[in-house]
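Working notes, structure below.
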Amino acid sequence: MKQHLRITIETLLEGGASQREIERRTGVDRKTIRRYARLAKSPTLATGSSGPSRQTPPPRPPGSGDGEGAEVREAHLMTSAPDRAAAAGPSGSPPPPSCVSACAEHHEWIAAQVGLGRNAVSIYQDLVETRGFEHAYNSVKRCVAKLRARDPERFDVLEFPPGEEAQVDFGRGAPTLYRPGCYRRPWLFVMTLKYSGKSFRITNWKADQETWARLHEQGFHTFGGCTRYVVLDNLKAGVLRPDIYEPELNPVYAALLAHYGVVADPCRIGDPNRKGTVESAIQHTQGTALKGKRFDSIEAQNAWLAHWEERWAAPRIHGRKKRQVLEMFRQEQPSLQPLPATRFRCFKQGLRTVDDGGLVQVDGSYYAALPAPLHSQVVVRIYDREIEILDTTGQVLRRHEKSACKGTFILESGDRLFNPSRETGRLLSKAERIGPQTAAFAQQLFARLGRPGQRALYGLTNLARTYTRDEIEAVCTRMLAGQCHSYSAVRRALERIRALAAQPTPTRTQADPAIRDIGEYQTFWDTHSHSQEDRTNAHVDPRA
């Protein structure tokens, strides 16, 4: 209820007016008037009980005895006797030199309750219920206020040399037409140079990781250079996992800063004063450039922000530095780091699991991830026209051209476990290692049978496990001479050669029906040898 109505009701109740009369004169419901009537009859928090107050009366004016000043004596004489008697108390004794709080004896207990975060009302209620407190609520309220009073916090003035630091943050822009009949507030991105206070302002409907990185790049190119550090808070677009010692940055944002040679310096959680420059810039933009405005498109809002920055924000005199922002920016611009020769290639990053075929799936297409182990996780970076696969340490494993349609398998011949054309070349190379005649026979065999002849090539090259190379070369030579192009013929010929080589050699013995006795040979020798000697002697000349 409004203050004037409440006072009117209380005044009419004290004057003895009926509740109906008060309702007719004020327009307030009788139930409300009845509630105020009950409150008027019962003690309240502020007034306490109706008994005599034990509060110590306020002290007399400073000065006492003969040293009392003329002004104090004059004021004392101007006070009426009844008032002086009331101030002196019921016994007529003078008041004490200082005012003692009614909560003094409970001060330690109240301080402990304040330390627990309790408010003055709950503390007063416990004092009345458990400690027999008979004084007014205002005493407890004043005591709690003194306990909660803190000394003003001192803040340091952060100063950085030119080109050292930029501060970035998101805010909300002016209402903008999102679709016919619907206005929304887009995100307002502001990047402010700490030294000069020069700001880059732009609005965008999105505030995702990729947009956050692209807006930084636009800011760097607008300033014509990069600062060495950029200060941000712990929003998800920039920091994935806040940590006071080692925060984890968004990978796209980290790659952008590495490309431009900038180091991110996230604020500690709950410490927005670290980037007070950009906070003030956002408030300045919202309260001055965009206050009370509506735009039909986000392009119109960005055009207005660019015009306002050039016409009003940059030429203004900085409130604390007492210098023109544009002049300080011209002094700071040569100290900015030069921009790289190429723009940053923005990407989307995610984790994928290598399947049984050594592939990862990206946007409905499949890409070879070898030499990554099967069923392991790899990092995938998706560019506009390229797919990059990295291991968990950041080492690039493969790069593929992005597929134009879904369901495509980007798999080189060397990545396949079995490829018909590649397998044919491997088998012919294996035949060459056996010998030139075997290689020529394999070529004739493949020319005659085609790709189905790979089975025959498998058999031909596997013959080297059982037979020697010389044996295979000899058989292939005869087959080429006879124009016989059959693996089975080569195998049968080798089996015959091996079978003949495996037949046992007959063992020669001294006694056998087919062998004559050695005595017969001796008799034959003796007989024919004597006859030969006689014939020789008959022809000898006696005179010799």
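The values are calculated or read from the model by the stated rules, or taken from the named source; none is laboratory data. Model, not experiment: these values are computed from the prediction. Note: ideal-geometry Cβ built from the backbone for every residue, glycine included; neighbour counts use all protein chains shown.
Taking only region 275-297 into account, find how many residues are free of Cβ contacts under 8 Å to residues at least 60 places away in the same chain and farther than 22 Å from A313 by Cβ.
Here the count works out to 0.
If I filter region 210-220 for residues that are of a type in the set (K, R), assigned by TED's automatic domain parsing to the domain that holds P272 and over 19 Å from D265 (Cα atoms), do I get at least one hit?
no
Residue under question is T509, and the condition is that it be modelled with pLDDT under 80, closer than 30 Å to I472 by Cβ and assigned to a loop (DSSP other than H, G, I, E, B); does it hold?
For T509, the condition - modelled with pLDDT under 80, closer than 30 Å to I472 by Cβ and assigned to a loop (DSSP other than H, G, I, E, B) - is not met.
Consider F329 against the criteria (1) over 30 Å from Y195 (Cβ atoms); (2) over 23 Å from the mean Cα position of the chain (by Cα): it satisfies all of them except one. Which criterion is unmet?
(1)
Enumerate the pairs (first residue in region 152-168 and at positive phi and surrounded by 10 or more Cβ atoms within 10 Å (Cβ to Cβ); second residue anywhere and among the charged types (D, E, K, R) and outside any strand (DSSP E or B)) with beta-carbon separation below 9 Å, excluding pairs fewer than 6 apart on the same chain, so at least 6 apart or on different chains.
From residues that are at positive phi and surrounded by 10 or more Cβ atoms within 10 Å (Cβ to Cβ), the pairs are G163/R228; G163/E332.
Can you tell me which residues in region 306-325 are surrounded by 17 or more Cβ atoms within 10 Å (Cβ to Cβ) and not in a loop (DSSP other than H, G, I, E, B)?
The answer is E309, A313, V325.
Pairs only if they're at least six apart or on different chains, beta carbon under 8 angstrom, first in region 305-326 and without any contact (Cβ under 8 Å) to a residue 12 or more places away in the chain, second charged (D, E, K, R) and part of a loop (DSSP other than H, G, I, E, B); list them, first residue then second.
Matching pairs, first to second residue: I317/R323; Q324/R316.
In region 282-301, which residues are within 9 Å of G173 (Cβ to Cβ) and β-branched (V, I, T)?
Result: T285, I298.
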